[in-house]
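Each reported figure results from applying straightforward, stated rules to the coordinates on display, with no laboratory input. All values derive from a computational prediction rather than experimental measurement. For neighbour counting, all protein chains shown are included, and Cβ atoms are generated from backbone atoms with ideal geometry for every residue, glycine included.
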Amino acid sequence: MTPEHQPPTGTPATDTHDPLFGPPPGCPAGALGPGGLHRLYGAGAEDLDDLYERLREQYGPVAPVLLHDDVPMWVVLGHAENL
């Protein structure tokens, strides 16, 4: 049996600023979520035009992304694919 992680005294286990839970707020690494997927909100998504261009370069006209609360979805970036 593996022991559960015990947070430091006085720190709640849900503290999102704990380095065990990811990068601190404002860090560019916060734009990527589980699986390295891009988030469509928060850090890294301030300029959606730039983000969509990067997604097109990386994935083509349909790209996997994360919505708020890291809900996975596919974003359709191509006109023909939207039709």
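Relative to the current alpha-carbon distance between Gln58 and Ala80, full extension at 0.36 nm per residue lengthens the span by 6.1 nm. Among His38, His79, sorting on how many other beta-carbon atoms sit within 10 Å of each Cβ, with the fewest leading, yields His79, His38.
Every pair of different Cα atoms in the stretch 31-82 enters the Kirkwood calculation, which places the hydrodynamic radius at 11.0 Å.
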